[in-house]
1. Label points 7 Å out from Cα along the Cβ direction at SER54 and ALA169: separation in nm?
2. What is the set of long-range amide H partners of ILE198 at a cut-off below 5 Å, with H atoms built 1.01 Å from backbone N?
3. Extension gain ARG11-LEU161, at 0.36 nm per residue separation less the Cα-Cα distance, in nm?
4. Which residue, ILE118, ILE139, ILE24, has the most motion in a Gaussian network model of the chain that connects Cα atoms within less than 10 Å?
5. Would you tally the net charge around SER163, using a Cβ to Cβ cut-off of less than 10 Å, leaving SER163 out, and scoring K and R as +1, D and E as -1?
6. Taking LYS40 as the anchor, which lysines have their alpha carbon closer than 25 Å to its alpha carbon, excluding any fewer than eight residues away along the same chain?
7. Above 31 angstrom, tally the Cα pairs of region 2-201 and express them as a % of all pairs, no decimals.
8. Nearest 0.05, what FRET efficiency do HIS120 and LEU88 give at R0 = 25 Å with Cβ-Cβ as r?
Amino acid sequence: MIRAQSITALRASREIIRDFSVDIEAGKILAIVGANGSGKSTLISALAGDIPVSQGSITLEGVRLGSLSIRELAKIRSVSTQHQRFSLAYTVQELLEMSHRFCGDAASAEHSVRALEIEHLLGRKVTSLSGGEQQRVAISMALAQNTPYLFLDEPFAAQDLESTQRIAAHLRALAQNGKAVVLVAHMEEKELAWCDQIIRIMAR
């Protein structure tokens, strides 16, 4: 379990998240919703250990996330950001191989490719893909790490209905197999009924 206790997070010295607490449990999907600018991305970055908190604590089984190295974090959690920037013209296949070599396995990468139906993109340069295609590649890279905790910032951005349903079904399957999933979604709560918990962040 990852536990956040009374955390406060800043961006550019401005308080974005204040006195927030949550438990992230194995086998559960937690959705974070809220208006643009409410701090959803800041919150998920803090929960994933990518940015420090100014107050409170975030722990994994009692160990502070801030005390873990990048390599140690990569074995615990994988992250897909909202606007993944691909500036180098690697193929999708090359990116997935790099992802699972660092932490993960080839079987996880292959499974993510099938689940998200991006087999036809494997030989393409990632810089040539559409925004929605790049987002699916970024999610597949995170899945290739095969970590127990998965953090996804706007995984449904630039996706059509079919792709959205496919991603959601795969996340549900991952949770049923024991993984914890935290996602940010700019969607109505009724559209996220398949999640186990929904937290709405209010703009400060």
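Here, each number is a calculation from the coordinates, and none is a lab measurement. Please read these numbers as outputs of a predicted model, since none were measured by experiment. Quick reminder, even Gly has a Cβ in these numbers, built from the backbone with ideal geometry, and neighbours come from all protein chains shown.
1. Reported label-point gap for SER54 and ALA169 is 4.5 nm.
2. ALA31
3. Details: separation 150, 0.36 × 150 = 54.00 nm, distance 3.30 nm.
My answer for the length gained is 50.7 nm.
4. Answer for the Gaussian network model of the chain: ILE118.
5. Here the count lands on -2.
6. Once the sequence-local lysines are set aside, what remains near LYS40 is LYS28, LYS75, LYS179, LYS190.
7. Looking at region 2-201, the distances longer than 31 Å represent 15 percent of pairs.
8. Values: r = 21 Å, r/R0 = 0.84.
With R0 = 25 Å, the Cβ-Cβ based efficiency is 0.75.
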